[in-house]
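Encoded as C-alpha cells, the structure appears first; notes follow it.
Please treat every number below as a calculation from the coordinates, not as lab data. Fair warning: this is a prediction, and the values are worked out from it, not measured in the lab. Note: ideal-geometry Cβ built from the backbone for every residue, glycine included; neighbour counts use all protein chains shown.
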Amino acid sequence: MDIEYRKTRLTLPVEVDEKFSELDNDARDDYATALRAQGWTLQSISNSAGVTRERIRQIVADSTFVDSTVSLAEFPLPMPPAKPVKSPRVFVEPDPVKLERMLELQPLAQQVRANSPLYREEAEEYTNLVADVHLTDGVPMYRLAKRLGVTHGALRFRLARYGLKSPATGESKVYTPIKSGNRATA
C-alpha cells in the first residue's frame, strides 16, 4: 500500500535548515534534489534553502544528482509527514425485520384516503414503524426513504400528519394532524 503524504504547509526539520546553511551551491543543489526525491514540496525545500520555489524546481529539473560526487550519507533526509488516515463513514441502516414489515405495509398505507377506515390500522402501524426506525434507531430520514423507495419529504409529511414529528418549517395547513375520529386507535 502506498503511503500518501501531505502536500501543503510542510516544514522541514531544523537540522535540515542548519545543514543548508553549511553547504556550498553544488552540495545544496544535490541536497535539494534528494529532499525532492523523498517527497518534500518545492515550497518547503525553498523555505529551508533560502531560495525561491522556482529555483528549486529548476535545480531538480537540471539535476545531475546521479553523477554527483557529494555523498549525502551524513545529510538528514527525513520523510514528509503522512496524511492522516480517515476512517470510513458508517451509515446507520434500518433493522432488516422492521424494514421488511414496512415494505409489506407500505402499499396498504398509501391507499388510505380521507375518512375511510380501510387500511387505517396498517397505515398507523407503518407510520409508527417509520417513526421508531427514524427517531429511536437513529436512521436518517434520507436513508430510510431510499430503502422504502419514497422521498424523505413524503416520510416527513407522514410523521407530521400523525403527530409524531413537528414540521421542519413551522406551522402549515398541509401538516395539520389527522382528526382523532379518523384514527384507528381512537
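Some points to look at:
- By average C-beta atoms within 10 angstrom, highest first, the peptides 148-155, 91-98, 119-126: 119-126, 148-155, 91-98
- Anisotropy class of the stretch 1-86 from Cα gyration tensor, a/c 1.5 cut: prolate
- For Y5, the residues 5 or more places off, or on other chains, whose built amide H falls under 5 Å of its own are K83.
- Taking 7 Å steps out from each Cα toward its Cβ at Y5 and A154 produces label points 5.3 nm apart.
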